[in-house]
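Please read the structure below before turning to the comments.
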């Protein structure tokens, strides 16, 4: 038992000196980027992207990853991963053993290797992150929801609706026409408002364990009846503000 404070700090220093960085497949995949087709790969990776954004873990994430690899696999992707492994092997002695093991696993089973899984998860993460600003953080929203009073949790959770701007498929021309006519409310069709809730429902499903406070509120929002009056739809309001903001300041897109 350590009783002396100086001895305690000495032991902590020893632990730090003994610690050795051992790169995991995710670390290796983060050293190189794989380029996907924003149009073709987006649909194939949408659900995996939401799972990554919600920090999902476990069998569900693994199944989504397997399906996504099958959907986006190509000779080009295989070549990108192989090139990335070659580059990672040059990062230094700390990296070389892990990269060699990752390369061997890749050559044995390119689609099923851990580094391929990590690379496709990284690609999904990158595509999903394009739906919001670099400063947007679902973990931060989850924390705010968890610490908010019951009456304020919905207001915090609906901030996540900004991720659904792409789902409503409103063109820049349509926004401009609505603004010119001083009728932004015309953008709020029932189908678009349902699309927002479908996206929030999917996010909720993938975050039940990882971001439980946020997921609980998003599930409530996704399952509630659609407000008859779009002007009273506080969830659509988040999307509408984003659409109008993009129109007013396109340089921030």
Subject >> Odd one out for residue 162, checked against (1) surrounded by 20 or more Cβ atoms within 10 Å (Cβ to Cβ); (2) within 15 Å of the chain's Cα centre (by Cα); (3) outside the structural domain of residue 50 (by TED's automatic domain parsing) >> reply: (1)
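Can you name the residue in region 20-32 that is assigned to a loop (DSSP other than H, G, I, E, B) and touching a helix residue (DSSP H, G or I) at 6+ places or on another chain (Cβ under 7 Å) and, of all such residues, is surrounded by the most Cβ atoms within 10 Å (Cβ to Cβ)?
Looking only at region 20-32, we keep the residues that are assigned to a loop (DSSP other than H, G, I, E, B), and these are 20-24, 31-32.
Still in the list and also touching a helix residue (DSSP H, G or I) at 6+ places or on another chain (Cβ under 7 Å): 22-23, 31-32.
Working: 22: 10, 23: 20, 31: 14, 32: 17.
Checking each candidate, the answer is 23.
How many of the residues making up region 33-43 are part of a helix (DSSP H, G or I), under 16 Å from the mean Cα position of the chain (by Cα) and surrounded by fewer than 19 Cβ atoms within 10 Å (Cβ to Cβ)?
So in region 33-43, the residues part of a helix (DSSP H, G or I) come out as 40-43.
This time we only want the ones that are under 16 Å from the mean Cα position of the chain (by Cα), so: 41-43.
Imposing the further condition that a residue be surrounded by fewer than 19 Cβ atoms within 10 Å (Cβ to Cβ) reduces the set to 42-43.
Looking only at that region, the number is 2.
Can you name every one of the helices (runs of 4 or more DSSP H) wholly within region 96-152 that holds 2 or more residues which are modelled with pLDDT of 95 or more and farther than 15 Å from residue 34 by Cβ?
Details: elements: 96-108, 114-129, 138-147.
Filter on region 96-152 gives 96-108, 138-147.
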**OP:** Scan region 82-94 for residues that are closer than 11 Å to residue 31 by Cα and either touching a residue at least 60 places away in the same chain (Cβ under 8 Å) or surrounded by 14 or more Cβ atoms within 10 Å (Cβ to Cβ) (or both) and report the count.
**Re:** 5
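Listed here are the residues, each with its yes/no results for (1) surrounded by 18 or more Cβ atoms within 10 Å (Cβ to Cβ); (2) not in a loop (DSSP other than H, G, I, E, B); (3) not assigned by TED's automatic domain parsing to the domain that holds residue 142.
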{"position": "182", "(1), (2), (3)": "no, no, no"}
{"position": "186", "(1), (2), (3)": "no, yes, no"}
{"position": "191", "(1), (2), (3)": "no, yes, no"}
{"position": "198", "(1), (2), (3)": "no, yes, no"}
{"position": "204", "(1), (2), (3)": "yes, yes, no"}
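For region 165-180, name all the residues that are buried (at least 18 other Cβ atoms within 10 Å of the Cβ) and in a helix (DSSP H, G or I).
So in region 165-180, the residues buried (at least 18 other Cβ atoms within 10 Å of the Cβ) come out as 165, 167-168, 170, 175, 178.
167, 168, 175, 178 - these are the residues of region 165-180 that are buried (at least 18 other Cβ atoms within 10 Å of the Cβ) and in a helix (DSSP H, G or I).
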Original post:
For region 70-81, what are the residues that are touching a residue at least 24 places away in the same chain (Cβ under 8 Å) and assigned to a helix (DSSP H, G or I)?
Top reply: 70, 71, 72, 77, 78, 80, 81
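The values are calculated or read from the model by the stated rules, or taken from the named source; none is laboratory data. Please read these numbers as outputs of a predicted model, since none were measured by experiment. Counting neighbours? That spans all protein chains shown, and the Cβs are built from the backbone with ideal geometry, glycine included.
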